[in-house]
1. Within the accessible area of segment 198-328, what % is carbon and sulfur when the probe is 1.4 Å and the other protein chains stay in place?
2. To one decimal place, what Kirkwood hydrodynamic radius in Å is obtained for segment 233-306 from all pairs of distinct Cα atoms?
3. With point charges of +1 on the Cβ of Lys and Arg and -1 on the Cβ of Asp and Glu, referenced to the Cα centre of the chain, which listed residue (Y266, T333, S214) lies farthest in the positive direction of the dipole?
4. When DSSP beta bridges are limited to those with both residues in the chain, what percentage is antiparallel, rounded to the nearest 5?
5. Give the value in nm², to one decimal: projected area of the alpha carbon convex hull of segment 122-164, averaged over all directions.
6. Could you check how many percent of all C-alpha pairs in segment 216-276 are farther apart than 17 Å?
7. Counting only the heavy atoms of the protein chains, how much of H157 is accessible to a 1.4 Å probe, in Å² to the nearest 10?
8. Restricting the calculation to Cα positions, tell me the Rg (one decimal) and the Dmax (whole number) of segment 75-229 in Å.
Amino acid sequence: MLSIQSHVSLKPYNTFRIDASARYWVDISNEDDLQTLLQLAEFLDTPKLILGGGSNVLLCQNFDGLAVKVSFQGIDVVREDDTHVYVKAGGGVNWHQLVMHCVDQDYAGIENLSLIPGTVGAAPMQNIGAYGVELEQVFDSLTAVHIQTGHTRTFGHADCAFGYRESVFKRELKGQYIITSVTLRLDKVPTFHTRYGAIQETLADMGVSEDNLSIKAISEAVIHIRRSKLPDPAQIGNAGSFFKNPEIPKAQFNQLKANYPTLPGYPVGDDFVKVPAGWLIEQAGWKGYRSGDAGVHAKQALVLVNYDKATGNQILALAKQVQESVQKKYGITITPEVNIIR
Ligand code: EPU
């Protein structure tokens, strides 16, 4: 049964915990209700805001349209062969719950992506990634419903045009589809991704060596690192990394390195270097900065936080100040990773 409500605060539905409201709001948990909703004459032309876990949005004003919370549930093995298991999860499944389920079953591939906030349906949108693994590495396919026509379409890997924190759903098809399920291709025999420095150190601290390494141990290490650096959205409003790590030409990197010898950088192909925006922001003096209830997290400068009552525009104003200061100091443009709703 569809229950469309009006004038609903979106505070519980975005991890930044911004108190913006939606003119209309509905929670959808099955295909029939979704089709009914998309055919309602009175909402055909109403702008729609699709919310998963709300963990990658910054709401800068009240939304004068219909906010749709996607709650499709279910985790099922849909196919299996000698080496892989194909796990299909509803778009509304909590991402970390899916990771825990797979780790428990010994299905390998997403253990490095433990504790990322948000839902399964939102994961492909920005090709979530952490500690050396991106979603696209285990992605098989997804189903999505076209908002205008109600048609269901299956997207394969190539259709999604994945990039670093990018996909077709953030670009050409932005706002056009609701992702109802995602199927992952997971390994029966794990390939461990432990190259990321922090993982190696944490595993060593945990007493885990190559002999007793497991996907469970990696998951635990990742959870430990995330808890120690990233603010828990249940306690302090945030949307994870606010900016993407910029990729700059090698020549520019070398020049900067001469002035800032400790500047970290990771080669991207032969000509570009990825620079941690967190480092740039910290060195520009912003780490731990607070203005009213908007701030830069004290343990990870890439994360902007809402201590309590910051508005989306206050967070955005802080983001602009940070951007400008990084631009001025290093000549590097950093761009938001978070989806800004104005
Ligand atoms: N650093 C600083 N100061 C800071 C933060 C970072 O100097 O305040 C430097 C350090 O040199 C550190 C390097 O930046 O070695 C990298 O830091 P970290 O490992 O914390 O990763 P990140 O590049 O800041 C990215 C992702 C995170 C992901 C981590 C781990 C982006 C935009 N962010 O952050 O993803 O968890 O790597 O893989 O790529 C997210 O997308 O919301 C997110 C949290």
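The values are calculated or read from the model by the stated rules, or taken from the named source; none is laboratory data. Small disclaimer: the values here were computed from a predicted structure and weren't measured. Because the Cβ atoms are built from the backbone with ideal geometry, glycine has one as well, and the counts that use them run over all protein chains shown. What goes into the accessible areas is simple: the full protein's heavy atoms, side chains included, and nothing from ligands, DNA or RNA. Shrake-Rupley method; radii C 1.70, N 1.55, O 1.52, S 1.80 Å.
1. That share works out to 48 percent.
2. For segment 233-306, the Kirkwood estimate is 13.3 Å.
3. Farthest along the dipole direction, towards plus: T333.
4. Details: 48 of 61 bridges.
If we restrict to bridges inside the chain, about 80 percent are antiparallel.
5. Quarter of the Cα hull surface area: 3.2 nm².
6. Values: 1074 of 1830 pairs.
For segment 216-276, the share of Cα pairs beyond 17 Å comes to 59 percent.
7. Accessible surface of H157 is approximately 70 Å².
8. Reported Rg and Dmax, both Å: 15.9, 55.
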